[in-house]
Amino acid sequence: MADIKTVDDADFGGKRVLVRVDFNAPVDDAGTVTDDTRLRAALPTIEKLVADGAKVILTSHRGRPAGEGFEEAFSLGPIARRLQELLGRDIVLTRDLVGPEVAEVVDAMADGDIVLLENIRFDKREKKNDPAFARALADLADAYVNDAFGTAHRAHASTAGVAALLPAYAGYLMEREVATLTGMLDEPKRPFVAILGGSKVSDKIKVIDALLDKADTLIIGGGMCFTFLLAQGKAVGASLKEEDWVERAAAMIEKARERGVTLLLPTDVVAADAFSNDARTAIVSVDEIPADMMGLDIGPETAAAYAQAIGEAASVFWNGPMGVFEMPSFEAGTRTVAEAVAANEAADTIIGGGDSVAAVNKFDLADAMTFISTGGGASMELVQGEALPGVEALRA
Ligand code: ADP
Ligand code: MG
């Protein structure tokens, strides 16, 4: 982060500051934000700017509108209401994103005021990183702050384009996300245990590859483990499998051997006769998965072995659930792993990925983790060694 300025590097008093945040939070039918984690994550940056006496212009996307103008279903109205409660001050929500009417609202702002622009994706030029749209956004402000780590892997007008046109700074959330994840990769405390799960090898192959360069132990669970088991010559019945990826999985097994990384794969699984919580289930060895059954969770012997390895770690990175944790019948493996990570109080424990974070929250263990990344896709791209456009655009 040495070449990236943060909000601590400036006093924004009297300045108009455009702040890109990630307020893409779930909203129910009654228009209530049902999980305000993302809003709360941006509060430190907003509060610092308000304390400086800045005129704070917030911008965010929400969902996937058509990009043809205002759509009630994707309005930031519910977000503005919740943010108002969290901050205890009035928030003005503009209907337009750029142009004279927004400029008029901004001109009328007093120091410390907060304005929220409507959903930035109501204009399709946002996702195209259209230069004229970025210029129009820049014209509203004197400085730019990006605190939207969750969209840092996208080169859009409000995440990349505008950063080149104004003095640009990282917000606290962005700074913490990037510093924590790159710190883990550059200088992990050892032993460094990486846990990967989730559905597909194809989604995660670059992450697996990158972590094999860094980790001492790599633990594999979730749907992706069956492609690895195929690579070991086992039969996996009706389990999720990607035949086209067996060769790559075999190459990963070989890479682990060459690099001296301990690769842990399941020895038993919870097999089910249907993809259903009410399915008939059996705990079977990975050598005896019935042809007509599918593995929907790691088995208890596997979970215990994984928990032991996690207990010996000095740092842990976890992405991807061990099984179909959304169904109680197949949550035990993910729960055992989550509890083992939580119980290792001495280790740095970092959780990344939408469903993994949901699992940790489901088991009420979030507070026991060192760091929970707010950016699913962005954290994966960072871990797999890719430059994030939203971060690169902040470099001096
Ligand atoms: P994350 O969002 O944490 O990166 P993924 O999106 O890669 O994780 O994968 C999460 C999904 O993987 C969950 O919905 C879970 O139900 C599914 N999954 C885990 N294990 C299995 C399995 N054995 N078979 C099918 N799906 C699985
Ligand atoms: Mg996911």
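Counting only residues that are in a loop (DSSP other than H, G, I, E, B) and among the aliphatic types (A, V, I, L, M), which one in segment 230-240 is farthest from ALA309 (Cα to Cα)?
By that ranking, first place goes to ALA238.
For (1) assigned by TED's automatic domain parsing to the domain that holds SER315; (2) within 14 Å of ligand 2 (Cβ to nearest atom); (3) at pLDDT below 95, each residue gets a yes or a no:
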{"site": "VAL341", "(1), (2), (3)": "yes, no, no"}
{"site": "ALA347", "(1), (2), (3)": "yes, no, no"}
{"site": "ILE350", "(1), (2), (3)": "yes, no, no"}
{"site": "SER356", "(1), (2), (3)": "yes, yes, yes"}
{"site": "ALA368", "(1), (2), (3)": "yes, no, no"}
{"site": "ILE372", "(1), (2), (3)": "yes, no, yes"}
{"site": "GLY377", "(1), (2), (3)": "yes, yes, yes"}
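From the list PRO290, PRO266, which residue is touching a Cys at 6+ places or on another chain (Cβ under 7 Å), closer than 20 Å to GLN232 by Cα, in a loop (DSSP other than H, G, I, E, B) and not aliphatic (A, V, I, L, M)?
Going through PRO290, PRO266 in turn, just one is touching a Cys at 6+ places or on another chain (Cβ under 7 Å), closer than 20 Å to GLN232 by Cα, in a loop (DSSP other than H, G, I, E, B) and not aliphatic (A, V, I, L, M): PRO266.
Where in segment 160-229 are the strands (runs of 3 or more DSSP E), entirely inside, with at least 1 residues that are within 16 Å of ligand 2 (Cβ to nearest atom) and touching a helix residue (DSSP H, G or I) at 6+ places or on another chain (Cβ under 8 Å)?
Once the strands (runs of 3 or more DSSP E) in segment 160-229 are filtered for at least 1 residues that are within 16 Å of ligand 2 (Cβ to nearest atom) and touching a helix residue (DSSP H, G or I) at 6+ places or on another chain (Cβ under 8 Å), what remains is 192-196.
Is one or more of the residues making up segment 161-179 over 30 Å from ALA256 (Cα atoms), in contact with a His (Cβ under 7 Å, 6 or more places away or on another chain) and either among the aromatic types (Phe, Trp, Tyr) or surrounded by fewer than 22 Cβ atoms within 10 Å (Cβ to Cβ) (or both)?
no
I'd like the residue in segment 202-235 that is of a type in the set (Val, Ile, Thr) and either closer than 16 Å to VAL341 by Cα or more than 10 Å from ligand 1 (Cβ to nearest atom) (or both) and, out of all such residues, is surrounded by the fewest Cβ atoms within 10 Å (Cβ to Cβ).
Per the stated criteria, the residue is ILE205.
Under 19 Å from PRO188 (Cβ atoms) and assigned to a loop (DSSP other than H, G, I, E, B) - does that describe any residue in segment 241-254?
No, that holds for no residue.
The values are calculated or read from the model by the stated rules, or taken from the named source; none is laboratory data. For clarity, every value in this text was computed on a predicted model and none was experimentally measured. Every residue, glycine among them, receives a Cβ derived from its backbone with ideal geometry; neighbour counts consider all protein chains shown.
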